[in-house]
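Below you'll find the structure, written out as structure tokens, and then a few comments.
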Amino acid sequence: MRAHQQHLMDHLLPKLTLDPASLGSMPLTRFPPGLTQLRLEVGFGGGEHLAHEARLHPHIAFIGCEPFANGVARLLVDIDAGQLTNVRIYPDDAGAIIDALPAACLAGVDVLFPDPWPKRRQQQRRFISDARLIALARVMQQGASLRFATDIDDYAAWTLARIARSPHFLWRATRADDWRQPWPEWPGTRYEAKAKAAGRPSVWLVFERNAVPATSIA
Ligand SMILES: C[S@@+](CC[C@H](N)C(=O)[O-])C[C@H]1O[C@@H](n2cnc3c(N)ncnc32)[C@H](O)[C@@H]1O
């Protein structure tokens, strides 16, 4: 880690870090006034997508979760350079933030190139699971988008199977282009670039939180 990154880790990160235990019922109060929506990015890696979104949507509040310290340091460089005041960070497992958020507070969730865990015996470690979709359904508003990208065919099929049996999410794709093309304004990510260089095409899936209340879960 370069000296500038270490400086930001020591001095900027503490100001931007969210503590799940004290998140409270109004997470937007952890941001400057005037922000109207809250979105979450899980596993932001080097943070290039999160910084891009924060620059593009200055009226939206973003929470980014990433346990990889070098990735957090890279995002801090972008936050500092761009004076992005609408980003807060949880430098650890996103599950803790999801569990701590109040119901129906998120207007969107991005899970971009999550760790693939390709071996069968490791697949239970994948971020997307039936239980995780239930946890996400609780904190997402009706109509909110869950955006998922992967370069691993098997992970795309895994996720689609869990969405199909979830009572809380819809997949509205109608044409192959809906999943072969990223959504508008996609800036690319470090991991996507690696996949492309290795000849692995990516899949982009956008799911919608439907109107079924999370409390109806058996
Ligand atoms: C394959 S990388 C992709 C990073 C980035 N999204 C990209 O597209 O370049 C997956 C990232 O997810 C992070 N990660 C894994 N499990 C996580 C979790 N439970 N909560 C938050 N981040 C997680 C890893 O540390 C890693 O940086």
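The values are calculated or read from the model by the stated rules, or taken from the named source; none is laboratory data. Please read these numbers as outputs of a predicted model, since none were measured by experiment. Positions of Cβ are backbone-derived with ideal geometry, glycine not excepted, and every protein chain shown enters the neighbour counts. In case anyone asks, the SASA skips ligands and DNA or RNA and just uses the protein heavy atoms, side chains included. Shrake-Rupley method; radii C 1.70, N 1.55, O 1.52, S 1.80 Å.
Structure notes:
- Dipole of the chain computed with +1 at Lys/Arg Cβ and -1 at Asp/Glu Cβ about the Cα centre; of Gly46, Leu76, Thr174, farthest Cα towards the positive end is Thr174.
- Cα gyration tensor shape for the stretch 66-211, rounded if a/c is under 1.5, else prolate or oblate: rounded
- Surface composition of the chain: carbon and sulfur make up 53 percent of the accessible area, probe 1.4 Å.
- Those trypsin sites (Lys or Arg not before Pro) in the stretch 97-147 that DSSP places in a loop and that have at most 12 other beta carbons within 10 Å: Lys119
- Counting only protein heavy atoms and a 1.4 Å probe, the chain has 50 square angstrom of accessible area per residue.
- Over 24 Å [Cα-Cα, the stretch 1-102], rounded percent: 14 percent
- The loop-placed trypsin sites (Lys or Arg not before Pro) in the stretch 158-218, going by DSSP, that have at most 11 neighbouring Cβ atoms within 10 Å of their Cβ come out as Arg165, Arg172, Arg175.
- R0 of 30 Å, Cβ-Cβ distance Glu208-Phe68: FRET efficiency to nearest 0.05: 0.55
- Among Thr150, Thr174, the sequence by solvent-accessible area, most first, with a 1.4 Å probe is Thr174, Thr150.
- Fraction of antiparallel bridges per DSSP, the chain only, in percent to nearest 5: 30 percent
- Shape category assigned to the stretch 171-218 from the gyration tensor of Cα positions, a/c cut at 1.5: prolate
- Each peptide in 153-159, 7-13, 62-68 receives the mean, over its residues, of other Cβ atoms within 10 Å, and ordering these scores from highest gives 62-68, 153-159, 7-13.
- Estimated 222 nm signal from helices in the chain, with DSSP H stretches of n ≥ 4 weighted -39500 (n - 2.57), rounded to 500: -10000 deg cm²/dmol
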